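Written out below as structure tokens is the structure these notes cover.
The values are calculated or read from the model by the stated rules, or taken from the named source; none is laboratory data. None of these values were measured; they are calculated from a predicted model. Cβ: placed from backbone, ideal geometry, glycine included. Neighbour counts: every protein chain shown. The area values use the complete protein model at the heavy-atom level, side chains included, leaving out ligands, DNA and RNA. Shrake-Rupley method; radii C 1.70, N 1.55, O 1.52, S 1.80 Å.
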Amino acid sequence: MKISHNILKLFSVITLGFGVISQSWAIPNVDLVESSIVRVVIGGHGTGWVVSPGVVATNWHVTDGNTSFEIYPAGTDQEYRGELIWQGNSNLDIGLIRVPGLDLTPFKLKTEDAIRGSDSFTVGFPGLGDDLTGRANVNVSVYGGTIALVTENTSGVRIIQHTNIVNAGNSGGPLLDDCGRVLGLTTWGVENEDYSADFIWASMHVAELARQMDTLGIPYETDNSPCATGGVSAAGEEALAELGLLQDQLESQQSQLESQLGSQEGEMDSLQQTVQNWGLGLGIALVLTMALALRRPRQQLVRVYDEVSRRIGGTSRESDGSIKKTSSHPGAGSSSGGASELTLYGSAGSNSFRFEFSEDSLKQAGKGLSIGRSGELSDFILDDEQVSRRHIRVSFQDGKIQVEDLSSSNGTYVNGQLLAAYKPRPLKVGDRIKLGNTEISVSSG
């Protein structure tokens, strides 16, 4: 019957409205959060986040006395150059980096104390995550927990104790609430040496960062309003209003049925029972909807281990036993003769290597080609634990092949002289380069 069909249609819409409400809880938008996170590379790496236009916040122990940094926004393989603005000390574990051209949305700061027992989560680039996948992950890992205590140390510095997991590489990342506001800077974990199961994680209170930014005159945005994770969301309220309208329509359908059936008592009894059944179903749906919409949802946090594309090509083993990185740049390793060609060769452990550079290959590579320990971050690989993951870069500038140190952990030496980080120096035939435990000779192409 047509009217019965309309009732069925209305109930389908009611069910859809129930689904809208059940999915309208306030949950962190991980993709949005990730878009303002960066990897900070200085030989090793840490995590940073955008606190002001073109300004990245991280830990002092990540900046670690360096003045130049490589910055990689999460979810991309883009590279930016960062310059130190200010760094604290072991007590005030905060660092600020200026990154020209970095157009990412800054986080908002919640400078008031977080509520004990409230939800929180950390995002960043844990080194163990890189080890797990065998690559420098482009996407962040996400860990959920709760705020355990907000206090201060004996020096009066505000700190937040929490249950969110922190691994090496997470340092400097944000501690966030359910609304995606920064509560603190992920800093350290403290383990009880007598009982290995006892472990506490802590973060620098974001109010300490805000105080320093005020001193430096760097703008930032705060949001200390309550985080609306309980109650009915805006989408839920709209869905509930729609359900009320549908209920009115259902009652109108019942009235139409009664007027059309008239004296047909038998059919009337049957249809009235149908309407009553649908009305009962509607009532149950409304009760369940209100119960679910009004309850405070627990944060469902996900650890992101998405498969990502490699920034550069794979590794291969040469016939002489050397390990070489196959460059994604056309012409890398080609030989065209002339003074604009150099070969770097030597042995790393039991493996010999021979890296060839020409003016053409370096120009096609843009910023040059890098040498380091990581197959994901470097164009050529050295099997030496004392070599940083991205240790040096060879480029063609001012008509010469040049080498520069990429703020490596153990430094780069050319003919016994230590290179300053990010200061290119011309290479010539006969030069001797030392990276970690590896001696490299320079010859003509």
Any idea which of Thr146, Thr111, Leu92 is furthest toward the positive side of the dipole for the range 89-162, if Lys and Arg beta-carbons carry +1 and Asp and Glu beta-carbons -1? Thr111
Ignoring ligands, DNA and RNA, what accessible area per residue does the range 49-108 give at 1.4 Å, in Å²? 40
Accessible surface of the range 38-149 [probe 1.4 Å, protein heavy atoms]: carbon and sulfur percent: 47
Through the Karplus equation 6.51 cos²θ - 1.76 cosθ + 1.60, θ set to phi - 60°, convert the phi angles of the range 134-151 into ³J(HN,Hα) values in whole Hz; use x for Gly and Pro. x, 8, 7, 5, 7, 8, 7, 9, 10, 10, x, x, 9, 6, 8, 6, 10, 8
To the nearest 20 debye, what is the magnitude of the charge dipole of the range 30-122 about its Cα centre, counting +1 on the Cβ of each Lys and Arg and -1 on the Cβ of each Asp and Glu? 180
Translational D (Stokes-Einstein, µm²/s) of the range 62-164 at 25 °C and 0.890 mPa s when Rh comes from the Kirkwood sum over C-alpha pairs? 150
Whole-Å distance, taken between Cα centres, linking the range 407-433 and the range 51-94: 24
Starting from the alpha-carbon convex hull of the range 341-445, give the projected area averaged over all orientations, in nm². 5.8
Under a point-charge model restricted to the Cβ atoms of Lys and Arg (+1) and Asp and Glu (-1), what is the dipole moment magnitude of the range 349-425 relative to its Cα centre, in debye to the nearest 20? 200
Got a sec to turn the phi values of the range 160-171 into Karplus ³J(HN,Hα) couplings, 6.51 cos²θ - 1.76 cosθ + 1.60 with θ = phi - 60°, whole Hz, x for Gly and Pro? 10, 8, 8, 9, 6, 5, 10, 10, 4, x, 6, 3
Loop GluC sites (Glu not before Pro), the range 341-439 (other Cβ atoms within 10 Å of the site Cβ: 11 or fewer; DSSP): Glu385
For Leu104, list long-range residues whose amide hydrogen, built 1.01 Å from N in the peptide plane, is under 5 Å from its own amide hydrogen. Gly54
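Just subtract the alpha-carbon distance of Ser35 and Asp64 from 0.36 nm times their residue separation and send over the number in nm, one decimal. Mind showing how you got there, number by number?
Values: separation 29, 0.36 × 29 = 10.44 nm, distance 2.51 nm.
Residue separation times 0.36 nm, minus the Cα-Cα distance, leaves 7.9 nm.
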Quick one: Karplus J couplings for the range 105-121, per residue in order, coefficients 6.51, -1.76, 1.60, θ = phi - 60°, nearest Hz, x for Gly and Pro? 6, x, 6, 8, 9, 9, 7, 6, 5, 6, 7, 4, x, 6, 6, 8, 7
In terms of modelled amide H atoms, which long-range or inter-chain residues lie less than 5 Å from the amide H of Ile401? Leu427
Pseudo-spin-label distance Gln256 to Leu132, built 7 Å along Cα→Cβ, given in nm, is 5.6
Of all chymotrypsin sites (Phe, Trp or Tyr not before Pro) in the range 37-111, the ones in DSSP coil with at most 13 other Cβ atoms within 10 Å are none
Non-local amide H neighbours of Trp188 (under 5 Å, H modeled in plane, Pro and chain starts lacking H): which ones? Ala202
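List the trypsin sites (Lys or Arg not before Pro) within the range 346-426 that DSSP assigns to loop and that have no more than 13 neighbouring Cβ atoms inside 10 Å.
Lys367
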